[in-house]
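Enquirer: I have a structure I would like to understand better, so I am pasting it below and will then ask my questions one at a time.
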Amino acid sequence: MNLMKRHQDKIYYEGSGNNPLPMYGIAVDSGWMPLVDTLADKIAEIDIDNKVRFVQIKEKFGGLRFYTQFVNLNIKENAKDKELWDAVCKLISEAETQSYITCEVCGQMGKLRNKFRWMKTLCDDHTEEYRKTRSLK
Ligand SMILES: [Zn+2]
């Protein structure tokens with residue numbers, strides 16, 4: 001089952017519309033999907049009281065961005081909330097770090113490519129491919 005279905009209760013919806021995740025879906029290439037899947041599952045696992053919402057999942061400047069929002073979170077007075085907040089931040093930061101060494105296209109070892117007019121984390125093969133398709137435009 002895909003992430004959007006599996007974690008339906010965690011997809012952020014705001015009444016006035018303009019909800020990035022429902023609108024654009026998971027906006028990364030397939031090489032990062034295992035990363036995103038694992039991250040979402042790990043968050044769901046520790047989010048016992050269902051306070052985390054997934055707002056947007058995308059690539060930016062060659063790295064994974066996983067934006068969340070918390071409902072009814074009180075990190076100043078509730079130690080459990082503070083713990084949850086810290087744990088979620090840590091998980092996200094680990095996955096984002098991992099994305100910078102994972103080819104976004106195929107999931108093999110990759111590197112941030114930023115010497116061109118674009119930034120993307122890719123393996124050598126996909127860097128070549130990406131360059132070719134980009135230079136034709
Ligand atoms: Zn690749």
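The values are calculated or read from the model by the stated rules, or taken from the named source; none is laboratory data. These figures come from a predicted structure and were not determined experimentally. We place every Cβ from the backbone using ideal geometry, glycine too, and count neighbours over all the protein chains shown.
Enquirer: Do you know which residues across segment 85-110 are charged (D, E, K, R) and within 16 Å of the ligand (Cβ to nearest atom)?
Expert: Within segment 85-110, Glu104 is the sole residue that qualifies.
Enquirer: Follow-up question, since we're still on this one. Among the residues of segment 72-84, is there at least one that is within 16 Å of the ligand (Cβ to nearest atom) and either modelled with pLDDT of 95 or more or farther than 22 Å from Thr133 by Cα (or both)?
Expert: To start, the set of residues in segment 72-84 that are within 16 Å of the ligand (Cβ to nearest atom) comprises none.
Scanning segment 72-84 turns up no residue that is within 16 Å of the ligand (Cβ to nearest atom) and either modelled with pLDDT of 95 or more or farther than 22 Å from Thr133 by Cα (or both).
Enquirer: Hey, another quick one. Are any residues in segment 41-67 more than 22 Å from Lys120 (Cα to Cα) and free of Cβ contacts under 8 Å to residues at least 40 places away in the same chain, and if so, which ones?
Expert: Result: Asp41, Ala44, Glu45, Ile48, Asp49, Lys51.
Enquirer: Do we find a residue being more than 20 Å from Lys60 (Cα to Cα) and not basic (Lys, Arg) anywhere in segment 17-26? Working first, answer last.
Expert: Keep residues of segment 17-26 that are more than 20 Å from Lys60 (Cα to Cα), which gives 17.
Narrowing further to those that are not basic (Lys, Arg): 17.
Scanning segment 17-26 turns up at least one residue that is more than 20 Å from Lys60 (Cα to Cα) and not basic (Lys, Arg).
Enquirer: Then there's this: Test Cys123 against the criterion of being in contact with a His (Cβ under 6 Å, 6 or more places away or on another chain) and more than 30 Å from Ile48 (Cβ to Cβ), and give yes or no.
Expert: Details: in contact with a His (Cβ under 6 Å, 6 or more places away or on another chain): no; more than 30 Å from Ile48 (Cβ to Cβ): yes.
In short, no.
Enquirer: Next question, about the same structure. Within segment 108-131, restricting attention to residues that are closer than 20 Å to Ser30 by Cα and of a type in the set (Lys, Arg), which residue is surrounded by the fewest Cβ atoms within 10 Å (Cβ to Cβ)?
Expert: Looking only at segment 108-131, we keep the residues that are closer than 20 Å to Ser30 by Cα, and these are 108-113, 118-131.
Retained after the next criterion (residues that are of a type in the set (Lys, Arg)): 111, 113, 120, 131.
On the way: Lys111: 16, Arg113: 18, Lys120: 22, Arg131: 14.
Across segment 108-131, the extreme among qualifying residues is Arg131.
Enquirer: Could I ask something else about it? If the requirement is being over 30 Å from Asp124 (Cβ atoms), surrounded by fewer than 16 Cβ atoms within 10 Å (Cβ to Cβ) and among the acidic types (Asp, Glu), which of these qualifies: Glu94, Glu77?
Expert: Details: Glu94 fails: over 30 Å from Asp124 (Cβ atoms).
After applying the criteria, what remains is Glu77.
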